[in-house]
Amino acid sequence: MFCHLYLENQVLVSNKNKQIKVSSKVETIDKVSVYDLLGRLLFKKDKVNSNEFSILNLVSSQQTVLVKVTLQNGNEVTKKVMFNL
(Lines give C-alpha, C1' and ligand atoms only; values in the text may rest on other atoms or scores of the structure.)
Protein backbone atom coordinates (compact mmCIF):
# COMPACT_ATOMS: atom_id res chain seq x y z
CA MET A 1 0.00 0.00 0.00
CA PHE A 2 2.77 2.43 0.89
CA CYS A 3 4.51 1.86 -2.44
CA HIS A 4 1.30 2.56 -4.42
CA LEU A 5 0.58 5.71 -2.38
CA TYR A 6 4.16 6.88 -2.90
CA LEU A 7 3.81 6.36 -6.65
CA GLU A 8 0.48 8.26 -6.70
CA ASN A 9 2.25 11.28 -5.21
CA GLN A 10 5.08 11.15 -7.75
CA VAL A 11 2.86 11.36 -10.84
CA LEU A 12 1.03 14.67 -11.25
CA VAL A 13 -1.83 15.37 -13.68
CA SER A 14 -3.19 18.89 -14.09
CA ASN A 15 -5.57 20.74 -16.39
CA LYS A 16 -4.87 24.34 -17.34
CA ASN A 17 -5.56 26.46 -20.41
CA LYS A 18 -7.38 23.63 -22.25
CA GLN A 19 -4.45 21.24 -21.93
CA ILE A 20 -3.74 18.29 -19.69
CA LYS A 21 -0.21 18.16 -18.33
CA VAL A 22 1.31 14.94 -16.98
CA SER A 23 4.59 14.88 -15.08
CA SER A 24 6.50 12.18 -13.24
CA LYS A 25 9.06 13.00 -10.57
CA VAL A 26 10.77 9.61 -10.42
CA GLU A 27 10.30 7.53 -13.57
CA THR A 28 10.07 8.16 -17.31
CA ILE A 29 6.55 8.13 -18.75
CA ASP A 30 5.96 5.40 -21.34
CA LYS A 31 2.25 5.79 -22.25
CA VAL A 32 -0.61 8.19 -21.56
CA SER A 33 -4.27 7.31 -22.19
CA VAL A 34 -7.36 9.44 -21.51
CA TYR A 35 -10.79 7.88 -20.99
CA ASP A 36 -14.23 9.30 -20.32
CA LEU A 37 -16.20 7.95 -17.35
CA LEU A 38 -17.94 5.43 -19.61
CA GLY A 39 -14.55 3.88 -20.41
CA ARG A 40 -14.28 5.22 -23.96
CA LEU A 41 -10.75 5.99 -25.10
CA LEU A 42 -10.45 9.70 -25.98
CA PHE A 43 -6.67 9.93 -26.47
CA LYS A 44 -3.64 7.63 -26.46
CA LYS A 45 0.07 8.27 -26.85
CA ASP A 46 2.66 5.49 -26.76
CA LYS A 47 6.44 5.89 -26.46
CA VAL A 48 6.31 9.24 -24.64
CA ASN A 49 9.86 8.67 -23.32
CA SER A 50 9.88 11.81 -21.17
CA ASN A 51 9.15 12.92 -17.60
CA GLU A 52 6.62 15.48 -18.85
CA PHE A 53 3.88 15.35 -21.46
CA SER A 54 1.11 17.74 -22.49
CA ILE A 55 -2.10 16.93 -24.34
CA LEU A 56 -3.24 19.83 -26.47
CA ASN A 57 -6.61 20.20 -28.19
CA LEU A 58 -8.28 17.20 -26.62
CA VAL A 59 -11.72 16.93 -28.20
CA SER A 60 -13.98 16.63 -25.20
CA SER A 61 -16.86 18.48 -23.62
CA GLN A 62 -16.69 19.71 -20.06
CA GLN A 63 -16.44 16.48 -18.11
CA THR A 64 -14.34 14.45 -15.75
CA VAL A 65 -11.79 12.27 -17.53
CA LEU A 66 -9.49 9.51 -16.33
CA VAL A 67 -5.83 9.89 -17.24
CA LYS A 68 -3.93 6.59 -17.14
CA VAL A 69 -0.15 6.98 -17.00
CA THR A 70 2.08 3.95 -17.61
CA LEU A 71 5.69 4.38 -16.53
CA GLN A 72 8.63 2.66 -18.18
CA ASN A 73 9.07 0.38 -15.15
CA GLY A 74 5.54 -0.97 -15.79
CA ASN A 75 3.80 0.81 -12.91
CA GLU A 76 0.47 2.49 -13.72
CA VAL A 77 -1.25 5.46 -12.12
CA THR A 78 -4.77 6.66 -12.97
CA LYS A 79 -5.94 10.15 -11.99
CA LYS A 80 -9.31 11.88 -12.36
CA VAL A 81 -9.23 15.36 -13.89
CA MET A 82 -12.02 17.82 -14.64
CA PHE A 83 -11.57 18.85 -18.26
CA ASN A 84 -13.01 22.21 -19.32
CA LEU A 85 -13.24 23.49 -22.88
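Kindly provide the set of residues from region 51-63 that are surrounded by 11 or more Cβ atoms within 10 Å (Cβ to Cβ) and at pLDDT below 90, ordered by number.
Passing the criteria: L58, S60, Q63.
I'd like the full set of residues that are on the phi > 0 side of the Ramachandran plot and open to solvent by less than 70 Å² (accessible area, probe 1.4 Å), limited to region 22-50.
G39
Please enumerate the residues belonging to region 65-85 that are surrounded by fewer than 16 Cβ atoms within 10 Å (Cβ to Cβ) and at pLDDT 90 or above.
Within region 65-85, Q72, N73, G74, E76, T78, K80 qualify.
The values are calculated or read from the model by the stated rules, or taken from the named source; none is laboratory data. Please read all numbers here as calculations on a predicted model, not as lab measurements. Positions of Cβ are generated from backbone atoms using ideal geometry, with glycine treated the same way; all protein chains shown enter the neighbour counts. Accessible surface areas use protein heavy atoms only, side chains included; no ligands, DNA or RNA. Shrake-Rupley method; radii C 1.70, N 1.55, O 1.52, S 1.80 Å.
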